[in-house]
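Undergrad: One structure is given below, represented as structure tokens, and several questions about it will come after.
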Amino acid sequence: MRNGIHLGSLQPMLLATALLASAGLPSAASSAEARTRIAVGATLPLTGSEARVGGFFKEGYDLAFEEVNRAGGLEVGGKKLPVALTLLDDTSTQATAVSLADRLVSSDGVDFLLGTYSSHLVEAQSTVAEQYRVPYVNGGGGATKIYRRGFKYLFGAISPVELLGTTLMTWIDEQQKAGKLPRPSRIALLWENTAHGKDFRKGVSDFVAKSGGAYVIAVDESFALDGKDFGALLGKVKAENVDLFLADAHLPDYITMHRQYVGAGLCHKVVSYGARGSEKGAIEALGRENVDYVLSGVWWSAELGNRPGPSRTFVEAFKARYGGRSPEWFQALAYESARALFAAIRQAGAVDREAVRKKLAEMKVDSLLPGGRLEFPAAYGQQAQNAFVVQQNQPDGSSPIVFPKDVAGAPGVAANPRCAR
Amino acid sequence: MTLRWPALVPPRAAGAFAAAVAALAALPALLDLSAYTHNLVTLTFLMVAGALAWNWMGGFVGQVSFGHAAMFGVGGFVAARLLLAGAVPAPIAWLLGGAAAGVFALGAHPTLRLRGPYFSIATIGLGEATRLLFTYWEDFTGGSSGLSLPIDPDLKFRLYWWGLALVALVAAASFLIRRSALGLQLLAIKADVDAAADVGVSATFHQDLVFALSGAVVGVTGGLWASYFSFIEPNDMFGFDRSIGFVLMAVIGGVGTVLGPALGAVIFVLLRQYLLASYPQLYLGLYGTLLVLIILFEPLGLTGLLLRLWRRAARRPEPAPAAAGGGR
Amino acid sequence: MARFVDLAVSAVLLAGLYATMAYGLGLIYGVLRVVNLAHGGVIMAGAYLGWVLHERLGIDPYLSIPVVLASSFGLGVVTYRLLVRHLPRGPAGGPASLLLLFGVWLVLRNAAYLLFTGNDQAIRTAYSTRSIALLGSQVSVNRLAVLGIAVLTPVLLHLLLTRTYLGRAIRAVAQNADSCALVGVDVERIYTLTFGIGTALAGLAGLLSATLFSFNPGFGSGELLKSFVVVVLGGLGSVLGTGAAALILAVVEVFAILVLPSYLTAAVGFVMLVLVLVLRPGGLFGHRILG
């Protein structure tokens, strides 16, 4: 046991040494004078399960930063300073996102923070921002819960997911009032058991509760992520004879479920998978004809660029930068959050966190988001409440907006024609 | 069965231990640590405590658990609920969370008579079932939305010392367990359950005890974790990745050694930070390769490596493999 | 009644999928007593291989079966000879084999991330959503094919194990490796080949899964866990047992929706796993395996 004793004394000292070594990491040292740039920090899931979306958000951020720096930067205190983005990979893990935010603020000395993707990461990361009193603008955390904590430094450019459910139901309601859907309509509500799915479900069920019996939720089931088999669940839907099929799923589950849906010969008067539906990847995986008339509700759509306005400018700039590819809502929200931060800095005229925070809280700017304006209303915990746009896949391959009317590119079709075969 | 504590804790070891703890306690003031480093070290302490506790089951008893996240989550959510209710001060909440986790661990009692990979597979099943059930139990865990705790920068700052205290306790416990009769009994069970039973060492009782203790400590760690982040959600707390994390830390540091997992946890955290900054695309593969290399060449992980180097440096002859380290 | 038939059809199809996934794991454990935690990784690799062949060369997934089988076999052989061979056998090797193969799985995952990024992929062929009417339900063509292969595989395996020298050697080694060495069977070679066959079956399962689901480098962990449940339920050394266990698991999971919320049906398999391990560790059809 002699070795045990040596080991016993060796280990704690090793520990101490290792920690001392890591303590040698540079502490924050941002001098107030001789400031040469404005430092903004952010983390995104650049690897890991959400890497695809993380990459999209990065594109949005990059575009915004490039644009502003091309113009020389942001004007503060009489001169123009370039804006620099320090972007780290949080691998979609909560602990990492928080640690990295900590590091960005206290070690790398960034002035402001932009958000990461996915509600639970934003929720965790925003505590760091709030603690250090750093304005944190995000386009990736839609859950209302995040904004109910009374945080002053957290700003969400992304509308609540509940509103997605509500918006879909509003369009459906219009169809029902126009006589195209039965009254009452039976709804199958399937939702992925994530914060996103829960909020979607709340949006739909709240609307139904206030509808005075116009709708009945016949099936209300959550399912686990990355399911392999929805046969039983879809069987239940089939047995309940519903009219409207409203699901909320992320991409892999959408593909799996819809394949089985089509394979099982199911067809309903209205089919929606929440924010899914118009993705190219999904259309390729499922086949064009199988996603016809699927409705999706998104925070922003490239279709909004069909009319002149900030959306079009954005779409064109994006296409020019990224080889002709069209942006989706991820890039748009990221771009817009960065721009909101820039606008606040410009308005404050100083790289001062308190001043910028105040400007963000009071902000009312033109925006490419639906509705044309971006604000962070205090009544909603500083979460934007912009409307969603509803798109519907058409047989000709397009996915025009069908709601709201003022930006609609085509009238929506209810009572899914696919079912008539 | 009597737990006989060693008559004398070796004075040198005790002295070194106390010195190390004191040094770590004084570190933030001595080095004027940045907030980031301070927080990073706090998290490291939590990981160290968890890894050491896991090792009681995985290393001392030899039953590799792939489901420890279950206890971590139970402890975390119980503590969080208590804190949200404002019923008790934080340390009590953490202890109660730990106690709940320990009791929960006892629920795995029927699986404890399984050996080797069967036990491990059973723990995977238990861990995943727990995750799904607790995610579904929205009223308790908040479901996928999780639970938000009010932020408390003071508490977060002081978590450094709470975490250090926890580590000190767990490290001391590891050392004492190993050196005590209990440790010998666990070794006996690890080597040969039936032979141990023949000499009167009841596998059931001891495994229950250790699993409950291990689970309780991991549960306390979960509580501190909840206080640290002010937000926890079941998929993260109960996730398979978290269970695997404990295993990796212990294996990298040295499964079965007394304090190897502590080293493993430190390396795990530091490596993660470093890899994420420099080679985010490679950290999975690097962990995997590290794991493979350790299993093939140095089953006692970094501790074994250091032991070898130590011996070489001190020019001591290498003992026969059978007597090395924690035996198999 | 129609509902019942629907669920039953669903269950049988799902059983086919589960069985296909589990054969490889069961074979490796039955003969080598090694739990192949890289099983999920090989499934993922098989899926990606099929996808690459389909995307780049336009080869239909079912036609690429031989290629996937061969490649996965090769991967298994290499893994065995480089790594697994060095593990101690028997109970002492238990945790070590788990961790070693888990490390291999991490490496496979990382390789996939590097080669293909983390994006979800799917194989879409002309018949991906085609279905035929069977017993009043619509049954996906792909799932039927998977079922067919699930039924065919044990038959072929059975023939292999009983009619060929290799097969007999495998069974002998599974029963008592030491005696086999005594009678001149090259045990290491048998182990190598068995490991390879096991991974080949995993690769095949991955390819078939790719025709049904979308996948990314993280694919395989759910499959691995389900395979555990099936293998444990079915006991060891019993190919038929694996098939029957897959059916039982699938039936319980599918019919559970009548009593449980859909979300919790995912937990059913794990609960069954634990129950079987605790109550009948030999599986429902196998022998006692404690100790």
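The values are calculated or read from the model by the stated rules, or taken from the named source; none is laboratory data. Bear in mind that the values here come from a model prediction, so they are computed numbers and not experimental data. Virtual Cβ from ideal backbone geometry, glycine too; neighbours counted across all protein chains shown. These area figures cover heavy atoms from the full protein model, side chains too; ligands, DNA and RNA do not enter into them. Shrake-Rupley method; radii C 1.70, N 1.55, O 1.52, S 1.80 Å.
Undergrad: Quick test for you: out of B:Leu31, B:Leu82, B:Leu114, B:Leu52, pick the one residue that is farther than 24 Å from C:Leu99 by Cβ and either more than 10 Å from chain A (Cβ to nearest Cβ) or open to solvent by less than 10 Å² (accessible area, probe 1.4 Å) (or both).
TA: On the way: B:Leu31 fails: either more than 10 Å from chain A (Cβ to nearest Cβ) or open to solvent by less than 10 Å² (accessible area, probe 1.4 Å) (or both); B:Leu114 fails: farther than 24 Å from C:Leu99 by Cβ; B:Leu52 fails: farther than 24 Å from C:Leu99 by Cβ.
That would be B:Leu82, the only listed residue that is farther than 24 Å from C:Leu99 by Cβ and either more than 10 Å from chain A (Cβ to nearest Cβ) or open to solvent by less than 10 Å² (accessible area, probe 1.4 Å) (or both).
Undergrad: Scan the stretch A:290-314 and report the pairs whose first residue is under 19 Å from A:Val365 (Cα atoms) and whose second residue is of a type in the set (Asp, Glu), with Cβ atoms within less than 7 Å and a gap of 6+ or a chain change.
TA: A:Pro310/A:Asp366
Undergrad: Tell me which residues, restricted to the stretch A:253-278, are open to solvent by less than 10 Å² (accessible area, probe 1.4 Å), facing chain C (nearest Cβ under 10 Å) and not hydrophobic (A, V, I, L, M, F, W, C).
TA: A:Asp253, A:Tyr254, A:Thr256, A:His258, A:Tyr261, A:Gly263
Undergrad: Something else now. I'd like to verify a number: residues in the stretch B:241-292 that are in a helix (DSSP H, G or I), more than 19 Å from B:Leu46 (Cα to Cα) and touching a residue at least 40 places away in the same chain (Cβ under 8 Å), how many?
TA: 1
Undergrad: Do you know which residues across the stretch A:138-152 are under 19 Å from the mean Cα position of the chain (by Cα) and within 25 Å of B:Phe157 (Cα to Cα)?
TA: A:Ile146, A:Tyr147, A:Arg148, listed by residue number.
Undergrad: Scan the stretch C:51-88 for residues that are open to solvent by 50 Å² or more (accessible area, probe 1.4 Å), in contact with a Leu (Cβ under 8 Å, 6 or more places away or on another chain) and part of a loop (DSSP other than H, G, I, E, B) and jot them down.
TA: Of the residues in the stretch C:51-88, the ones open to solvent by 50 Å² or more (accessible area, probe 1.4 Å) are C:55-59, C:62-63, C:66-67, C:69-71, C:73, C:75, C:78, C:81-82, C:85-86, C:88.
Keeping just the survivors that are in contact with a Leu (Cβ under 8 Å, 6 or more places away or on another chain) gives C:59, C:67, C:69, C:71, C:86.
Answer for the stretch C:51-88, where residues must be open to solvent by 50 Å² or more (accessible area, probe 1.4 Å), in contact with a Leu (Cβ under 8 Å, 6 or more places away or on another chain) and part of a loop (DSSP other than H, G, I, E, B): just C:Ile59.
Undergrad: For the stretch A:148-162, which positions are modelled with pLDDT of 95 or more and outside any loop (DSSP other than H, G, I, E, B)?
TA: A:Leu154, A:Phe155, A:Gly156
Undergrad: Sticking with this structure for a sec: Would you list the strands (runs of 3 or more DSSP E) that sit entirely within the stretch A:54-144 and hold 1 or more residues that are surrounded by fewer than 22 Cβ atoms within 10 Å (Cβ to Cβ) and of a type outside the set (D, E, K, R)?
TA: In the stretch A:54-144, A:74-76, A:79-81, A:83-89 are the strands (runs of 3 or more DSSP E) which contain 1 or more residues that are surrounded by fewer than 22 Cβ atoms within 10 Å (Cβ to Cβ) and of a type outside the set (D, E, K, R).
Undergrad: I'd like the full set of residues that are more than 28 Å from the chain's Cα centre (by Cα), in a loop (DSSP other than H, G, I, E, B) and under 13 Å from A:Leu266 (Cα atoms), limited to the stretch A:198-242.
TA: A:Glu240, A:Asn241, A:Val242
Undergrad: Let me ask something additional. Which of the residues spanning the stretch A:243-281 are in contact (Cβ under 8 Å) with a residue 12 or more places away in the chain and basic (Lys, Arg)? Let's see the steps before the verdict.
TA: If we filter the stretch A:243-281 for residues that are in contact (Cβ under 8 Å) with a residue 12 or more places away in the chain, which is where we start, we get A:243-262, A:264, A:266-279, A:281.
A:Arg259, A:Lys269, A:Arg276, listed by residue number.
Undergrad: Going through B:Ala100, B:Ala19 one at a time, which residue ends up being out of contact with any helix residue (DSSP H, G or I) (no Cβ under 7 Å at 6 or more places or on another chain) and open to solvent by 10 Å² or more (accessible area, probe 1.4 Å)?
TA: Details: B:Ala100 fails: out of contact with any helix residue (DSSP H, G or I) (no Cβ under 7 Å at 6 or more places or on another chain).
Step by step, each of B:Ala100, B:Ala19 is checked, and only B:Ala19 is out of contact with any helix residue (DSSP H, G or I) (no Cβ under 7 Å at 6 or more places or on another chain) and open to solvent by 10 Å² or more (accessible area, probe 1.4 Å).
Undergrad: If you don't mind, there's one more thing I want to ask. Suppose we filter the stretch B:8-26 for residues that are more than 7 Å from every other protein chain (Cβ to nearest Cβ) and free of Cβ contacts under 8 Å to residues at least 40 places away in the same chain; how many remain? Can you show your working first?
TA: Step one: filter the stretch B:8-26 for residues more than 7 Å from every other protein chain (Cβ to nearest Cβ), giving B:8-9, B:11, B:14-15, B:18-19, B:21-22, B:25-26.
From what is left, the residues that are free of Cβ contacts under 8 Å to residues at least 40 places away in the same chain are B:8, B:11, B:14-15, B:18-19, B:22, B:26.
Result for the stretch B:8-26: 8.
Undergrad: So, C:Ala250, is that one surrounded by fewer than 24 Cβ atoms within 10 Å (Cβ to Cβ) and either more than 8 Å from every other protein chain (Cβ to nearest Cβ) or out of contact with any helix residue (DSSP H, G or I) (no Cβ under 9 Å at 6 or more places or on another chain) (or both) or not? Give the steps one after another, and end with the answer.
TA: Values: surrounded by fewer than 24 Cβ atoms within 10 Å (Cβ to Cβ): no; either more than 8 Å from every other protein chain (Cβ to nearest Cβ) or out of contact with any helix residue (DSSP H, G or I) (no Cβ under 9 Å at 6 or more places or on another chain) (or both): yes.
Criteria not met by C:Ala250.
Undergrad: Out of A:Ser99, A:Ser31, which single residue is modelled with pLDDT under 90, out of contact with any Pro (no Cβ under 7 Å at 6 or more places or on another chain) and away from chain C (no Cβ under 14 Å)? Don't jump to the end; show me each part of the working.
TA: Values: A:Ser99 fails: modelled with pLDDT under 90.
Only one candidate qualifies: A:Ser31.
Undergrad: Limited to the stretch C:29-50, what total is found for residues that are modelled with pLDDT of 90 or more, among the aliphatic types (A, V, I, L, M) and either open to solvent by less than 10 Å² (accessible area, probe 1.4 Å) or touching a Cys at 6+ places or on another chain (Cβ under 6 Å) (or both)?
TA: The total comes to 5.
Undergrad: Next up: Touching a residue at least 60 places away in the same chain (Cβ under 8 Å), closer than 24 Å to C:Arg85 by Cβ and among the β-branched types (Val, Ile, Thr) - does that describe any residue in the stretch C:170-189?
TA: yes
Undergrad: How many of the residues making up the stretch C:16-48 are in a helix (DSSP H, G or I) and under 12 Å from the mean Cα position of the chain (by Cα)? Even if it seems obvious, please write down each step before you answer.
TA: Step one: filter the stretch C:16-48 for residues in a helix (DSSP H, G or I), giving C:16-32, C:39-48.
Add one more test, that the residue is under 12 Å from the mean Cα position of the chain (by Cα), and what stays is C:16-29, C:39-44, C:46.
The qualifying residues number 21.
Undergrad: Over 28 Å from B:Pro153 (Cβ atoms), within 11 Å of another protein chain (Cβ to nearest Cβ) and open to solvent by 10 Å² or more (accessible area, probe 1.4 Å) - does that describe any residue in the stretch B:224-240? Reasoning before the result, please.
TA: Filtering the stretch B:224-240 down to residues over 28 Å from B:Pro153 (Cβ atoms) leaves B:240.
Of the ones still in play, those that are also within 11 Å of another protein chain (Cβ to nearest Cβ) are B:240.
Checking the rest, the ones that are also open to solvent by 10 Å² or more (accessible area, probe 1.4 Å) come to B:240.
Checked against the condition, which is being over 28 Å from B:Pro153 (Cβ atoms), within 11 Å of another protein chain (Cβ to nearest Cβ) and open to solvent by 10 Å² or more (accessible area, probe 1.4 Å), the stretch B:224-240 yields at least one hit.
Undergrad: Yes or no: the stretch B:246-261 includes at least one residue that is of a type in the set (A, V, I, L, M, F, W, C), under 26 Å from B:Ala168 (Cα atoms), open to solvent by 10 Å² or more (accessible area, probe 1.4 Å) and more than 13 Å from chain C (Cβ to nearest Cβ).
TA: Among the residues of the stretch B:246-261, at least one is of a type in the set (A, V, I, L, M, F, W, C), under 26 Å from B:Ala168 (Cα atoms), open to solvent by 10 Å² or more (accessible area, probe 1.4 Å) and more than 13 Å from chain C (Cβ to nearest Cβ), which makes the answer yes.
Undergrad: Out of all the residues in the stretch C:117-130, is one or more without any contact (Cβ under 8 Å) to a residue 24 or more places away in the chain and in a helix (DSSP H, G or I)? Give the derivation first.
TA: If we filter the stretch C:117-130 for residues that are without any contact (Cβ under 8 Å) to a residue 24 or more places away in the chain, which is where we start, we get C:117, C:124, C:126-127, C:129-130.
Still in the list and also in a helix (DSSP H, G or I): none.
Checked the stretch C:117-130: no residue is without any contact (Cβ under 8 Å) to a residue 24 or more places away in the chain and in a helix (DSSP H, G or I).
Undergrad: Give me a count of the residues in the stretch A:160-213 that are touching a His at 6+ places or on another chain (Cβ under 9 Å), under 14 Å from A:Val242 (Cβ atoms) and open to solvent by 50 Å² or more (accessible area, probe 1.4 Å).
TA: Result for the stretch A:160-213: 0.
Undergrad: Kindly provide the set of residues from the stretch A:214-237 that are under 30 Å from C:Ala210 (Cα atoms), open to solvent by 20 Å² or more (accessible area, probe 1.4 Å) and more than 7 Å from every other protein chain (Cβ to nearest Cβ), ordered by number.
TA: At the first step, the residues of the stretch A:214-237 found to be under 30 Å from C:Ala210 (Cα atoms) are A:219-237.
When the remaining residues are screened for being open to solvent by 20 Å² or more (accessible area, probe 1.4 Å), the result is A:220, A:224-226, A:228-229, A:236.
Matches in the stretch A:214-237: A:Asp220, A:Leu225.
Undergrad: Also, quick follow-up: Say whether the condition of being touching a strand residue (DSSP E or B) at 6+ places or on another chain (Cβ under 8 Å) and modelled with pLDDT of 90 or more is met by at least one residue in the stretch A:224-232.
TA: No, the stretch A:224-232 contains no residue that is touching a strand residue (DSSP E or B) at 6+ places or on another chain (Cβ under 8 Å) and modelled with pLDDT of 90 or more.
Undergrad: Looking at the structure I just gave you, is B:Phe140 among the aromatic types (Phe, Trp, Tyr), open to solvent by less than 60 Å² (accessible area, probe 1.4 Å) and within 12 Å of another protein chain (Cβ to nearest Cβ)? Break it down into steps so the answer makes sense when it comes.
TA: Values: among the aromatic types (Phe, Trp, Tyr): yes; open to solvent by less than 60 Å² (accessible area, probe 1.4 Å): yes; within 12 Å of another protein chain (Cβ to nearest Cβ): no.
For B:Phe140, the condition - among the aromatic types (Phe, Trp, Tyr), open to solvent by less than 60 Å² (accessible area, probe 1.4 Å) and within 12 Å of another protein chain (Cβ to nearest Cβ) - is not met.
Undergrad: Take the conditions in contact (Cβ under 8 Å) with a residue 40 or more places away in the chain, aliphatic (A, V, I, L, M) and within 27 Å of B:Gly142 (Cα to Cα) and apply them to B:Leu106. Does it pass? Talk me through it step by step, then tell me what you get.
TA: On the way: in contact (Cβ under 8 Å) with a residue 40 or more places away in the chain: yes; aliphatic (A, V, I, L, M): yes; within 27 Å of B:Gly142 (Cα to Cα): yes.
So B:Leu106 passes the test.
Undergrad: Which of the residues spanning the stretch A:371-399 are part of a loop (DSSP other than H, G, I, E, B) and either open to solvent by less than 10 Å² (accessible area, probe 1.4 Å) or touching a Cys at 6+ places or on another chain (Cβ under 7 Å) (or both)?
TA: Taking the stretch A:371-399 as the starting set, the residues that turn out to be part of a loop (DSSP other than H, G, I, E, B) are A:371-372, A:376-377, A:381-382, A:384-388, A:393-399.
Matches in the stretch A:371-399: A:Phe376, A:Ala384, A:Phe388, A:Asn393.
Undergrad: Turning to a different aspect of this structure: In the stretch A:281-296, which residue that is in contact with a strand residue (DSSP E or B) (Cβ under 7 Å, 6 or more places away or on another chain) and open to solvent by less than 10 Å² (accessible area, probe 1.4 Å) is modelled with the lowest pLDDT?
TA: Here is the first cut: in the stretch A:281-296, the residues in contact with a strand residue (DSSP E or B) (Cβ under 7 Å, 6 or more places away or on another chain) are A:282, A:293-296.
Those still in the list that are open to solvent by less than 10 Å² (accessible area, probe 1.4 Å) too: A:282, A:294-296.
On the way: A:Ala282: 81, A:Val294: 92, A:Leu295: 92, A:Ser296: 92.
Top of the filtered list is A:Ala282.
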